[in-house]
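The values are calculated or read from the model by the stated rules, or taken from the named source; none is laboratory data. Computed from a predicted model, the values in this text were never measured in an experiment. A quick note on method: Cβ atoms are made from the backbone with ideal geometry, for glycine too, and the neighbour counts reach across all protein chains shown. Side chains included, ligands, DNA and RNA excluded: accessible areas come from the protein's heavy atoms. Shrake-Rupley method; radii C 1.70, N 1.55, O 1.52, S 1.80 Å.
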Amino acid sequence: MTGTRPWESPEITGWRRLRRNAVDRREGSVPLDGDWRFQLLPAPDAPLGEEWSSLVVPGPWTMQGTSDLPHYTNAQMPWPEIPPLSPAANPTGVHERDFDVPADWAGRRIVLQVGAAESVLIAEVNGRRIGIGKDSHLASEFDVTDTVRAGGRNTLRLTVVKWSDASHIEDQDQWWHGGITRSVLLYATDPLHLADVHITAGHDGSLRVDCQVRGPLPRGWYITGDLDGTALAQDTEFDRVNREDDRVSEFLGEARLSARVPDVRPWSAETPFLYGLTVRLHRADGSVADTSRHRIGFRTVRIRGRDLLVNGERVFIRGVNRHDFDPLTGRTVTEAQMRADLETMKRFGFNAVRAAHYPNDPALLDLADELGLYLVDEANIESHDHAHEIADDPRYLPAFLDRVSGMVLRDKNHPSVIIWSLGNESDYGANHDAAYGWVRRHDPTRPIQYEGAAKTDWFSTTVASDIVCPMYASMEEIVAHATSGKQTKPLILCEYSHAMGNSNGTLSDHWEAIESTPGLQGGFVWEFWDHGILQRLSDGRPAGPGTTDGFTAGVAAPGYRWAYGGDFGDTPNDGVYCADGLVFPDRTPKPAMYEHREIAAPLRLTYDAGLLRVDNRQHFRDLSWLAGEWELSAEAAGTRTAPAELPHVPPGGHADIPFPRELLDGLPTDHGAVWLTLRLSTAVDEPWAPAGTEVCTPQVLVPEGRPARGTGATPVRRIPTSGPGTSAGVVLDAEGRLVSPLLTAPPVLSLWRAPTDNDLLGGVAEHWHRLGLDDLVREHVSTDRHEDRVTVRCVYRTAGGVVEHQQAVSRLPDGGLLIEETAVLPEGVTDVARVGTVFETVGGPERMEWFGQGPWETYPDRRAGGPVGHHRARITELFTPYLRPQESGGRSGVHALSLLSDTGGGLSVRLDAPRQVSVTHHRAADLAAAAHHDELVPRRGCVVHIDAMHRGLGTASCGPDTLPRYRSGPGTYHWSWLLRAV
Ligand code: IPT
């Protein structure tokens, strides 16, 4: 090793590092986490200084007040050096601590385990170099038996070099950090110990356990196993070799145990049944030399034709991509945090996680086994910026093999892992083929996927991917593939529905296509986390571990902000592209989570010809874990509830159930349409949620008591017009704008919204800007007063032609105002953000009550998760604080709303048809001008938008834009609304 620079040698994947295996050594180990001595050097070969500071291990130094700060890039590398080179300025952290080795470990084999370090780890004990490790997301283990003093004091030094040849294959879309990010520990074993245990357990109850001891077993030593106390059989067939007096176990140190478990309860994401398996290595006298404990699940994964089967069933993959992330600690996450992540996913209907883009902490796999989530386990390989050259570069071949095999060797016994992934965004080359070959032989029980291999030819049967797993393919493309008659493999999107800012439009359209098209099986939303790092405004530093006053409910507290690329002076950077998750940096769910929850509902409710039908959409479970309550809502008649009895419905089955007529009793005969919701919650404690947790709220529309399906739009209704002789009293200013004591800014036409990330990156925001929609100038044309109404005409000149707008205002006998509007968009004004009215109220209203979709934010192409009903919220809660301020706070299908002050009084608006509405304290222009929330100054009054048309959200920041049916442009729009003081 002397003379080499391991940080610029891709051929070196480790030195004296032990082989990865599936024997869990956490129990009985000595933890070495805590405060360590620390020095940050400017380069790996810079001399050590005199001064030590202290640092918490595990935890990257980039989050702990050092001069080296987080840096965000997506595909591009943060520096120009080409593979395998790294920059001369290369922050290097020297971590040091003393530790004691228990005296009774004398004579045992002692191993140091470093959970993860990025990107090159150099370990020394008592001044002697003991090993080198690479792969920032797998543990490195070193045998230190001959280096440590048992019963005495020892010194451990871990030097971590930040940039290396390995950085070029760790070019994932996330913050760059440096340091030790997972726990460090020490454990001891018998010199002769279990080197590995490989478990294969099928849903038919078959169990095979292959055990390895490093080296031959001494005569008389043997291996036993039990499953929850029942002994496993020694596989004598396996143990017989030619020479009668030799057994395989003695010869190779290998043994095979097996069993057939009667009436086994198979493991699945819906039914995560686990069994306890213990393997023991015995000395000749029967005493136990080593033990390996496992929580195992019996399940089978297989591909049949173009279907991926779990336990023989074609399951839908409702997945999400997850990175290791925390706004205070960067990449270091505790088991409790991982549990909270997975519980949140389960509560919102996800059944699968792609470990994007590297193996997670072993604790996450245990949790996925326990809570029930299918995992795509992904190797830590992404060479994005130099993908093409690295994929075939033989210097990187050892790293590909080491990373892929290390993951498989470590994780092979987890039932949750149903698919291996060779990595992400690394083109396709010989290095992938080699890694695929290694996995295929080592674990024939699971499919292997790699997006890059399947990318160019979805029909190929020879490339290194058993699944076609595209990213961001359009619905048309995937449906066309599945209906081509030539599909050869399952199609599961490895990334889709990019959750950047106000996004995830058309998610329900995607799922309608997936569920109705054989050959399509689901996908993984990109992604779970918004990677906003909590930043102190006073000094621009990461707030860091232990900050307790930094945020509430998704919002950074005063004095802080959520930082994204560039906010730490990091250049080059990819800005806010790291904020593309379904949860805020503090794990508060964004509204899109409720959309997903409803799409993934275990039960579907439909109404037809007076009959209600429930479909059990689960693959393995009946409905007995759910408790239901009926809720009936009508605009004029409030909300009524009644307990719901759920029928017994087997997985995949359906049943008709009686309409809860009692909820209609006493309703006025002209009650109009009613919405019937089945609120479902957990009836019993689930591993991921206590009893009583809401699971979904399927809803049907019952129009005027006549049969109907779905929650589609209701017919446009006429707002009662004014009686004769009411025109007097409508006050307009010289420009024909409505003057009212309730309003500080009169109602005018709006065709624009503060661009969402999708609008900006997809290009439509630029289109609006070119048309001039972001800066409309109103030109008053005429005002006509007729008996009962005043009609104002005006025009707006845009680069696409003249937009005409007419408002007719009438005063009703009760003092209310009816505003009837018409807008005509010329041919050149295409694909607008909205067509509607905007006005501002006087200060005062603090809360809104509305009848329409809610309570969460909904948009025309993302409104499956907002049941129609009577909702209420504080105005400040209506606004969703997407990291970069943008259009937010909308509510779809609103029939009527009241803006009320806490002391009483306010105004109400009734609409001619269910409309898209938003009420916030922010003008669109204010939102568009701000880069972070701390720059926004809320207005005192409410900014109210009522839209006859509002463009869908789509996902164009990465992937398809919204569908044509959620866009609109030239033509005539009519809408009207009734404004009253209350
Ligand atoms: C794709 C990446 O795999 C993922 O890590 C993330 O960057 C995502 O896009 C966008 O946020 S790669 C992209 C070039 C399609």
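Note down the nm distance, to one decimal, between modelled labels 7 Å out along Cα→Cβ at LEU611 and at ASP33.
According to this spin-label approximation, the distance is 5.7 nm.
Which far-off residues, 5 or more places away or on another chain, put their amide H under 5 Å from the one on GLU735, with H placed in the peptide plane?
HN-HN under 5 Å from GLU735: empty list.
Over the stretch 601-705, what lengths in whole Å, largest first, do the semi-axes of the equivalent ellipsoid take, defined as the square roots of 5 times the eigenvalues of the alpha-carbon gyration tensor?
26, 15, 10
Modelled label-to-label distance, THR547 and TYR222, 7 Å Cα→beta-carbon offset: nm?
6.1 nm
For the stretch 601-705, what does the relative contact order come out to in percent, with C-alpha contacts under 8 Å and a separation of six or more?
Worked out over the stretch 601-705, it gives 30 percent.
Enumerate by residue number the GluC sites (Glu not before Pro) in the stretch 732-826 meeting two conditions: DSSP loop (anything except H, G, I, E, B), and at most 15 other Cβ atoms within 10 Å of the site's Cβ.
In loop regions of the stretch 732-826 (DSSP not H, G, I, E or B), the sparsely surrounded GluC sites (Glu not before Pro) are GLU735, GLU787.
Could you tell me which Cys residues in the chain have no other cysteine's Cβ under 4.7 Å from their own Cβ, answering none if every one has a partner?
Unpaired cysteines in the chain: CYS211, CYS578, CYS696, CYS794, CYS942, CYS958.
Per the Kirkwood treatment, what hydrodynamic radius in Å, one decimal, follows for the stretch 301-520 from the mean inverse distance over all distinct Cα pairs? Write down the numbers at each step before the final one.
Details: mean 1/r = 0.0559 Å⁻¹.
When all Cα pairs of the stretch 301-520 are included, the Kirkwood radius is 17.9 Å.
For SER892, what charge total do you get from the other residues with a beta carbon under 10 Å from its beta carbon, if Lys and Arg give +1 and Asp and Glu give -1? The partial results should precede the final answer.
Details: positive: ARG862, ARG863, ARG891, ARG915; negative: GLU857, ASP861, ASP947.
Around SER892, the surrounding residues sum to +1.
Quick one: order GLU141, GLU512, GLU335 from most to least accessible surface, probe 1.4 Å.
GLU512, GLU335, GLU141
At 0.36 nm per residue, minus the direct Cα-Cα distance, what do GLU629 and ALA233 gain on full extension? Give it in nm, one decimal, please. Mind showing how you got there, number by number?
Details: separation 396, 0.36 × 396 = 142.56 nm, distance 5.03 nm.
Between GLU629 and ALA233, full extension yields 137.5 nm more.
Between THR483 and ASP263, how high is the FRET efficiency from 1/(1 + (r/R0)^6) when r is the Cβ-Cβ distance and R₀ = 35 Å? Nearest 0.05.
Details: r = 41 Å, r/R0 = 1.17.
That pair, THR483 with ASP263, gives E of 0.30.
Measuring from a point 7 Å past the Cα of LEU85 along Cα-to-C-beta, which residues in the stretch 548-585 have an amide N at less than 18 Å?
572
Spin-label point model (7 Å from Cα, Cβ direction): what's the GLN76 to ASP98 distance in nm?
Simple spin-label model gives 4.9 nm for this pair.
Can you work out ³J(HN,Hα) from phi for every residue in the stretch 962-969, in order, using Karplus 6.51 cos²θ - 1.76 cosθ + 1.60 and θ = phi - 60°, giving whole Hz and x for Gly and Pro?
With the stated coefficients, the stretch 962-969 comes to 5, 7, x, 6, 9, 10, 7, x Hz.
What FRET efficiency would be calculated for the residue pair GLU779, ARG940, taking the C-beta separation as r and a Förster radius of 41 Å, to the nearest 0.05? Intermediate values should be presented prior to the final figure.
Details: r = 29 Å, r/R0 = 0.71.
The pair GLU779/ARG940 has a calculated efficiency of 0.90.
Given H placed on each backbone N at 1.01 Å, which residues far from TYR859 in sequence or on other chains put an amide H within less than 5 Å of it?
Under 5 Å from the amide H of TYR859 lies no amide H from a residue far enough along the sequence or on another chain.
Please compute the net charge surrounding GLY406, taking Lys and Arg as +1 and Asp and Glu as -1 over other residues with Cβ under 12 Å from its Cβ.
The answer is +2.
For the stretch 86-159, what is the Kirkwood estimate of the hydrodynamic radius, computed as the reciprocal of the mean inverse distance between distinct Cα atoms, to one decimal in Å?
The answer is 13.1 Å.
In terms of the Cα gyration tensor, with a ≥ b ≥ c the square roots of its eigenvalues, is the stretch 63-200 rounded because a/c is under 1.5, prolate because a/b exceeds b/c, or oblate? Present the calculation step by step, with values, prior to reporting the outcome.
Details: a/c = 2.65, a/b = 1.80, b/c = 1.47.
Prolate, since a/c reaches 1.5 and a/b exceeds b/c.
How far, in nm, would the chain grow between GLU877 and HIS282 when pulled straight, counting 0.36 nm per residue and subtracting the alpha carbon separation? Before the final figure, lay out each step's value.
Details: separation 595, 0.36 × 595 = 214.20 nm, distance 6.26 nm.
Result for the pair: 207.9 nm of gain on full extension.
Specify whether the C-alpha gyration tensor of the stretch 933-974 places it in the rounded, prolate or oblate class, a ≥ b ≥ c being the square roots of the eigenvalues: rounded for a/c under 1.5, otherwise prolate if a/b is larger than b/c and oblate if not.
Note, shape of the stretch 933-974 comes out oblate.
Given charges of +1 on the Cβ of Lys and Arg and -1 on the Cβ of Asp and Glu, with all other atoms neutral, how large is the dipole of the stretch 167-228 about its Cα centre, in debye to the nearest 20?
360 debye
Quick check for me: using +1 on Lys/Arg Cβ and -1 on Asp/Glu Cβ, what's the dipole size of the stretch 30-187 about its Cα centre, in debye to the nearest 20?
Using Cβ point charges on Lys, Arg, Asp and Glu, the stretch 30-187 gives about 420 debye.
Label the chain by shape, choosing from rounded, prolate and oblate, from the square roots a ≥ b ≥ c of the eigenvalues of the Cα gyration tensor; if a/c is under 1.5 it is rounded, and otherwise prolate applies when a/b is larger than b/c, oblate when it is not.
Numbers: a/c = 2.37, a/b = 1.71, b/c = 1.39.
In terms of gyration-tensor shape, prolate.
I'd like to check one number: the per residue accessible area of the chain, probe 1.4 Å, reported in Å² as a whole number.
On the way: 35570 Å² over 982 residues.
Accessible area per residue: 36 Å².
Rounded to the nearest percent, how much of the accessible area of the chain (1.4 Å probe, protein heavy atoms only) is carbon and sulfur? If you can, show how the numbers build up before the last one.
Details: 18080 of 35570 Å².
Of the solvent-accessible surface of the chain, carbon and sulfur hold 51 percent.
Roughly how many debye, to the nearest 20, is the charge dipole of the stretch 301-520 about its Cα centre, given +1 on each Lys and Arg Cβ, -1 on each Asp and Glu Cβ, and no other charges? Before the final figure, lay out the partial values.
Numbers: 21 positive and 33 negative charges, 142 e Å.
The dipole of the stretch 301-520 has a size of about 680 debye.
Rounded to the nearest 0.05, what FRET efficiency is calculated for ARG19 and ALA683 with R0 set to 41 Å and r the Cβ-Cβ distance?
That gives a FRET efficiency of 0.30.
Per residue Cα convex hull volume for the stretch 731-981, in cubic angstrom?
Normalising the Cα hull of the stretch 731-981 by residue number yields 121 Å³.
Positive end of the dipole of the stretch 601-705, charges at C-beta (+1 Lys, Arg; -1 Asp, Glu), about the Cα centre: which of TRP675, ALA601, VAL702 has its Cα farthest in that direction?
Checking the options against the dipole of the stretch 601-705, the answer is ALA601.
Show me, for the stretch 285-298, the HN-Hα J-couplings you get by feeding each phi into the Karplus relation (A = 6.51, B = -1.76, C = 1.60, θ = phi - 60°), rounded to Hz, glycine and proline as x.
Running phi through 6.51 cos²θ - 1.76 cosθ + 1.60 with θ = phi - 60° gives 7, x, 5, 8, 8, 7, 9, 10, 10, 9, 9, 10, x, 8 Hz.
So what J values fall out for the stretch 54-62 if you push phi through Karplus, 6.51 cos²θ - 1.76 cosθ + 1.60 with θ = phi - 60°, rounded to Hz, Gly and Pro as x?
10, 9, 7, 10, x, x, x, 5, 5
For the stretch 337-448, what percent of Cα pairs sit more than 24 Å apart?
For the stretch 337-448, the share of Cα pairs beyond 24 Å comes to 27 percent.
Around SER29, which amide H atoms from residues at least 5 apart in sequence, or from another chain, sit under 5 Å from its own amide H, with H modelled in the peptide plane?
Amide H neighbours of SER29: none.
Ignoring everything except DSSP H segments at least 4 long, calculate the 222 nm mean residue ellipticity for the chain; use -39,500 (n - 2.57) per segment, divide by total residues, nearest 500. Intermediate results must be reported in sequence, preceding the final value.
Numbers: 15 runs with 120 residues, N = 982.
Rounded to the nearest 500, it is -3500 deg cm²/dmol.
For the stretch 1-108, state which GluC sites (Glu not before Pro) are in a DSSP loop and have at most 13 other beta carbons lying within 10 Å of their beta carbon.
For GluC sites (Glu not before Pro) across the stretch 1-108 that sit outside H, G, I, E and B with at most 13 neighbouring Cβ atoms in 10 Å, the list reads GLU27, GLU50, GLU51.
Sequence neighbours fewer than 8 away in the same chain don't count; with that in mind, list the lysines whose C-alpha is under 18 Å from LYS455.
Partners found: LYS486, LYS489.
Report relative contact order for the chain in percent, whole number only (criteria: Cα-Cα under 8 Å, sequence separation at least 6).
9 percent.
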